[in-house]
1. Do the alpha carbons of any pairs in K72/K125; K25/K68; K25/K125 sit beyond 26 Å of each other, and which pairs?
2. Quick check for you: with a 1.4 Å probe and neighbouring chains kept, what is the accessible area per residue of the range 1-87, in Å²?
3. Search the structure for amide H atoms under 5 Å from the amide H of S85, placed 1.01 Å from N in the peptide plane, and list their residues when 5 or more places away or on another chain.
4. Which shape class applies to the range 20-96: rounded if a/c is under 1.5, otherwise prolate when a/b exceeds b/c and oblate if not, where a ≥ b ≥ c are the square roots of the Cα gyration tensor eigenvalues?
5. Test of understanding: express the Cα radius of gyration of the range 2-46 as a ratio to 2.2 N^0.38 Å, with N the residue count.
6. Tally Lys and Arg at +1 and Asp and Glu at -1 over the other residues with C-beta under 11 Å from the C-beta of D116: what net charge comes out?
7. Of the heavy-atom accessible surface of the range 2-46 (probe 1.4 angstrom), what whole percent is carbon and sulfur?
8. List the lysines whose Cα lies under 22 Å from the Cα of K174, skipping any in the same chain that are fewer than 8 positions away.
Amino acid sequence: VSHFPEELKNGNASIKITDTRLEDKGNYTCIFPNTQSGDIRFHIELAVGAAEPSVTNLDETNDWALLKCVVKGASPKPTVEWWDSNNQTIPSEEPQVSKKGERFYVTLKTNVTKTDRYHCVATQKEIWHQAHTEINVRLNVPEPNTGWKIVAGVAVGVAVVLAGILSWCYIKNKKKRQQGETEIPLSRETETQR
Ligand SMILES: *[C@@H]1O[C@H](CO)[C@@H](O)[C@H](O)[C@H]1NC(C)=O
Ligand SMILES: *[C@@H]1O[C@H](CO)[C@@H](O)[C@H](O)[C@H]1NC(C)=O
Ligand SMILES: *[C@@H]1O[C@H](CO)[C@@H](O)[C@H](O)[C@H]1NC(C)=O
């Protein structure tokens with residue numbers, strides 16, 4: 001903790017706490033003594049929190065990615081969420097929470113199926129603190145394109161109908177030829193020619 005005596009003449013009584021720890025949180029009082037009406041006291045509450053999410057891509061295929069967010073040693077207890085690039089909360093697995101002393105360890109996994117920029121957000125309402133970490137996911141899913149699907153569907157349909165017509169024509173032709181054969185016995189003709 002450092003203080004700045006040279007600032008006192010300016011009416012500035014400040015302290016600076018570096019490398020803050022959870023133990024530093026609480027109520028601080030600044031006292032201006034010896035005024036005519038007695039001491040003047042100022043109170044301030046220092047909130048100290050820690051909640052820095054770290055994110056990893058655990059596993060990935062062409063159409064999904066399993067993301068993990070870990071918030072270590074947070075205090076007070078944070079709520080942890082996965083958000084998409086529109087800041088909408090996305091469904092996640094149940095968070096795994098453990099506690100050591102005053103500190104909380106939270107792990108939250110989510111299975112995403114869209115290319116996007118995802119945020120893991122740790123919120124500590126009590127101290128008005130929010131921290132987030134981003135991760136980009138690029139999947140190889142073709143964009144859902146209904147137009148393309150309709151074209152493909154129609155093409156397959158046309159192909160099936162065409163195949164039907166063709167095989168029907170073929171069978172009819174074959175039957176005709178077989179009937180023709182009995183009327184004009186081509187095979188016997190060729191035999192006699194031999
Ligand atoms: C008081 O002094 C501290 C330390 O030098 C400085 O950081 C701060 O800005 C000062 N505050 C004002 C109101 O001048
Ligand atoms: C999402 O929230 C962050 C701050 O948390 C903000 O900077 C960003 O603009 C927001 N994005 C959208 C799409 O609302
Ligand atoms: C993620 O979701 C996809 C489709 O919803 C599923 O096929 C896949 O098995 C899931 N992956 C994991 C690791 O749960």
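The values are calculated or read from the model by the stated rules, or taken from the named source; none is laboratory data. Remember, predicted model here, so these are calculated numbers, not experimental data. When we count neighbours, we look across all protein chains shown, and the Cβ atoms used for this are built from the backbone with ideal geometry, even at glycine. Only protein heavy atoms, including side chains, enter the accessible area calculation; ligands, DNA and RNA are left aside. Shrake-Rupley method; radii C 1.70, N 1.55, O 1.52, S 1.80 Å.
1. Details: K72/K125 17 Å; K25/K68 30 Å; K25/K125 16 Å.
Cα-Cα > 26 Å for K25/K68; rest within.
2. On the way: 6080 Å² over 87 residues.
Spelled out: the 1.4 Å probe surface of the range 1-87, per residue, equals 70 Å².
3. Sorted by chain and number, the residues that satisfy this are R117.
4. Values: a/c = 5.25, a/b = 3.65, b/c = 1.44.
Because a/c hits 1.5 or more and a/b exceeds b/c, the range 20-96 counts as prolate.
5. Details: Rg = 12.6 Å, N = 45, 2.2 N^0.38 = 9.3 Å.
Ratio of Cα Rg to 2.2 N^0.38 Å: 1.35.
6. On the way: positive: K114, R117, R138; negative: D84, E134.
With Lys, Arg at +1 and Asp, Glu at -1, the neighbours total +1.
7. Solvent-exposed carbon and sulfur of the range 2-46 make up 51 percent of the total.
8. Leaving aside lysines fewer than 8 places away in the same chain, none come within reach of K174.
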